[in-house]
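What follows is a single structure, written as structure tokens, with notes after it.
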């Protein structure tokens with residue numbers, strides 16, 4: 001009862017109701033919220049603190065900034081969802097807020113587009129050497145179509161494409177990446193597509209910051225070849241999986257093209273099937289399956305491999321934490 005009263009008191013103020021309406025549409029920093037609300041940072045920060053303490057909002061730190069969004073779970077989220085339909089979208093004040101929000105989102109989209117244009121030529125050059133992304137994405141979706149996916153985590157989310165692909169098949173999606181520019185790009189794409197059940201934040205492949213057993217599907221999509229210790233990232237992803245959850249790894253099969261190191265900063269020249277299999281089974285995962293996707297008509301084409309591993313049904317949370325360490 002006290003928790004509910006705290007949440008009701010926190011949201012029972014005009015500015016905080018405006019914040020609820022705004023953050024239901026897009027996650028924002030304090031600075032961006034100040035622009036939308038036309039209020040000072042100390043005042044906005046106080047409102048955000050109260051809403052976070054009451055469980056209505058989550059705060060995700062990213063470098064020197066922090067993004068605010070609706071809480072994922074709990075009584076606060078239930079109250080957030082109950083209040084939202086009661087807010088009048090035709091309210092004059094709220095309409096002004098939404099116009100300023102639209103301007104911020106347009107700025108984000110422009111910055112993301114400029115960054116993507118700067119790197120797109122390199123990506124396009126690599127894409128000509130392996131099967132179409134759509135073929136790989138279809139195989140990934142098919143690999144978990146029998147699961148009820150409550151939460152998916154995409155490690156090294158980049159542009160957020162994996163979240164976009166799975167958006168219709170999951171309840172919640174989290175994308176993690178170290179690059180602030182990539183996170184800005186992913187956030188803009190997800191905003192434009194209306195995938196409000198998906199969010200991105202800064203995160204490390206070796207320390208995802210997620211509870212053991214909290215994830216139904218974890219994805220490492222073209223991430224391992226950049227890492228110094230790919231086995232450690234697999235162990236950390238496995239730690240987060242619930243019993244019966246699945247790990248999806250997409251990467252290149254073993255090859256000898258040194259240009260991938262010099263031109264694209266790949267640390268590893270792909271991986272052999274057995275190598276990834278061993279990393280998965282060494283942290284207690286079972287039923288590791290592989291699927292090879294190749295271009296038959298390209299002499300120097302790269303093989304894309306999809307590995308799918310399942311978390312042991314009898315693996316308790318403490319076991320997964322131990323093996324990951």
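The values are calculated or read from the model by the stated rules, or taken from the named source; none is laboratory data. Keep in mind that what you see is a predicted model, and the values were worked out from it rather than measured. Note: ideal-geometry Cβ built from the backbone for every residue, glycine included; neighbour counts use all protein chains shown.
Where in the range 229-285 are there helices (runs of 4 or more DSSP H), lying wholly inside it, with at least 3 residues that are touching a residue at least 40 places away in the same chain (Cβ under 8 Å) and within 27 Å of residue 173 (Cβ to Cβ)?
Where helices (runs of 4 or more DSSP H) fall fully within the range 229-285 and carry at least 3 residues being touching a residue at least 40 places away in the same chain (Cβ under 8 Å) and within 27 Å of residue 173 (Cβ to Cβ), they are 230-240, 273-281.
Do you know which residues across the range 75-86 are over 16 Å from residue 27 (Cα atoms) and surrounded by fewer than 14 Cβ atoms within 10 Å (Cβ to Cβ)?
82, 85, 86, listed by residue number.
Any idea which of 302, 227, 293 is at pLDDT 90 or above and either farther than 24 Å from residue 176 by Cα or surrounded by 16 or more Cβ atoms within 10 Å (Cβ to Cβ) (or both)?
Matching residue, one of 302, 227, 293: 293.
What number goes with the only condition from (1) on the phi > 0 side of the Ramachandran plot; (2) surrounded by 22 or more Cβ atoms within 10 Å (Cβ to Cβ); (3) at pLDDT below 90 that residue 158 does not pass?
Among (1) on the phi > 0 side of the Ramachandran plot; (2) surrounded by 22 or more Cβ atoms within 10 Å (Cβ to Cβ); (3) at pLDDT below 90, residue 158 violates only (2).
Could you grab me the full set of residues in the range 200-222 that are in contact with a helix residue (DSSP H, G or I) (Cβ under 6 Å, 6 or more places away or on another chain) and over 16 Å from residue 241 (Cα atoms)?
200, 221
Does residue 93 satisfy the condition of being surrounded by fewer than 16 Cβ atoms within 10 Å (Cβ to Cβ), part of a helix (DSSP H, G or I) and modelled with pLDDT of 85 or more?
For residue 93, the condition - surrounded by fewer than 16 Cβ atoms within 10 Å (Cβ to Cβ), part of a helix (DSSP H, G or I) and modelled with pLDDT of 85 or more - is met.
Taking the range 75-86, which residues are free of Cβ contacts under 8 Å to residues at least 24 places away in the same chain and farther than 16 Å from residue 50 by Cα?
If the condition is that a residue be free of Cβ contacts under 8 Å to residues at least 24 places away in the same chain and farther than 16 Å from residue 50 by Cα, then 78, 81, 82, 85, 86 are the ones that fit.
Out of the range 46-58, which residues are without any contact (Cβ under 8 Å) to a residue 24 or more places away in the chain and exposed (fewer than 15 other Cβ atoms within 10 Å of the Cβ)?
46, 49
Answer yes or no as to whether residue 64 is modelled with pLDDT of 90 or more, exposed (fewer than 14 other Cβ atoms within 10 Å of the Cβ) and closer than 19 Å to residue 185 by Cα.
Against the criterion (modelled with pLDDT of 90 or more, exposed (fewer than 14 other Cβ atoms within 10 Å of the Cβ) and closer than 19 Å to residue 185 by Cα), residue 64 does not qualify.
Evaluate the following for residue 31: is it in a helix (DSSP H, G or I), farther than 24 Å from residue 190 by Cα and either out of contact with any helix residue (DSSP H, G or I) (no Cβ under 8 Å at 6 or more places or on another chain) or modelled with pLDDT of 85 or more (or both)?
Considered against the rule, which asks whether it is in a helix (DSSP H, G or I), farther than 24 Å from residue 190 by Cα and either out of contact with any helix residue (DSSP H, G or I) (no Cβ under 8 Å at 6 or more places or on another chain) or modelled with pLDDT of 85 or more (or both), residue 31 comes out as no.
Restricting the range 129-150 to residues that are loosely packed, with under 14 Cβ neighbours inside 10 Å and touching a residue at least 60 places away in the same chain (Cβ under 8 Å), which is nearest to the chain's Cα centre (by Cα)?
By that ranking, first place goes to 148.
Does residue 323 count as closer than 22 Å to residue 229 by Cβ, surrounded by 14 or more Cβ atoms within 10 Å (Cβ to Cβ), at pLDDT below 70 and in contact with a helix residue (DSSP H, G or I) (Cβ under 8 Å, 6 or more places away or on another chain)?
Answer is yes for this residue.
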